[in-house]
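Q: The structure follows.
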Amino acid sequence: MNDFRSQIPQSAFINAQVIHDAMVDYDLERSLTQWSEHYKIPKWNLINPAHVASLLYCLIVVPKELWDPPSNDDVFVQIGKYRPLDLFTVRRWTQPANENCIRDFLRHLRNAISHVRFTVDGKHNFEFWDERQRVENYRVSITRDKLARFLSIVGHQLANLRSR
């Protein structure tokens, strides 16, 4: 049996790009309207918290579990060039200052996602937190628009780890 797990991050990133393009071009409009009417709900938006949570899982958790790049891996250098941490509001992060902060940041984010330590508000803004021995040691928040930018930066890098 073939194991296609290594394709999950790349597939998730490509799926998100295709869905985004289809939403912009209104190719999905008819289907969204049809299912909204069927379930008697307001017009359904495919880019919703469930979509974002699954994308986060596929782009942050899966690559960490499959490849777990070392702290000095070039992927963290490339991600760092885009200054993705600037997109977040850091509320708590008890980490020592070091050159591996991107990897450490992503590790905490991975823990938050995999243990469902996040909230989503009505505007689709996310807050994530991590714990060590039941003590919170990481809490960040990010707006929907900044999260889309973050996923674009990190997704591109992590989705292509298997191609190296």
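The values are calculated or read from the model by the stated rules, or taken from the named source; none is laboratory data. Because the structure is predicted, anything quoted here is derived from the model rather than measured. Glycine gets a Cβ as well: all are built from the backbone with ideal geometry, and neighbour counts include every protein chain shown.
Q: Quick check: is even one residue across segment 60-67 farther than 26 Å from Q7 by Cβ and either of a type in the set (S, T, N, Q) or surrounded by 11 or more Cβ atoms within 10 Å (Cβ to Cβ) (or both)?
A: no
Q: Among the residues of segment 1-48, what is the count of those that are of a type in the set (A, V, I, L, M, F, W, C) and either within 16 Å of the chain's Cα centre (by Cα) or under 26 Å from V154 (Cα atoms) (or both)?
A: Residues flagged as of a type in the set (A, V, I, L, M, F, W, C) and either within 16 Å of the chain's Cα centre (by Cα) or under 26 Å from V154 (Cα atoms) (or both) within segment 1-48 amount to 13.
Q: Residues of segment 145-164 being of a type outside the set (A, V, I, L, M), in contact (Cβ under 8 Å) with a residue 60 or more places away in the chain and assigned to a helix (DSSP H, G or I), which ones?
A: Correct list: R149, F150, G155, H156, Q157, R162, S163.
Q: Look through segment 89-132, keep the residues that are over 17 Å from the mean Cα position of the chain (by Cα) and within 19 Å of W67 (Cα to Cα), and return whichever of them is modelled with the lowest pLDDT.
A: Checking each candidate, the answer is N100.
Q: Kindly state which helices (runs of 4 or more DSSP H) lie completely within segment 1-75 and contain at least 3 residues that are without any contact (Cβ under 8 Å) to a residue 12 or more places away in the chain.
A: 8-24, 29-38
Q: Here's a follow-up. Kindly list the number of the only condition in (1) touching a helix residue (DSSP H, G or I) at 6+ places or on another chain (Cβ under 9 Å); (2) exposed (fewer than 13 other Cβ atoms within 10 Å of the Cβ); (3) not polar (S, T, N, Q) that fails for A50.
A: (1)
Q: Just the residues that are under 16 Å from Q95 (Cβ atoms) and surrounded by fewer than 17 Cβ atoms within 10 Å (Cβ to Cβ), please, taken from segment 129-155.
A: Matches in segment 129-155: E131, R132, Q133, V135, E136, N137.
Q: Shifting gears a bit: Give me the residue from segment 84-128 that is charged (D, E, K, R) and part of a helix (DSSP H, G or I) and, out of that set, surrounded by the fewest Cβ atoms within 10 Å (Cβ to Cβ).
A: Top of the filtered list is D86.
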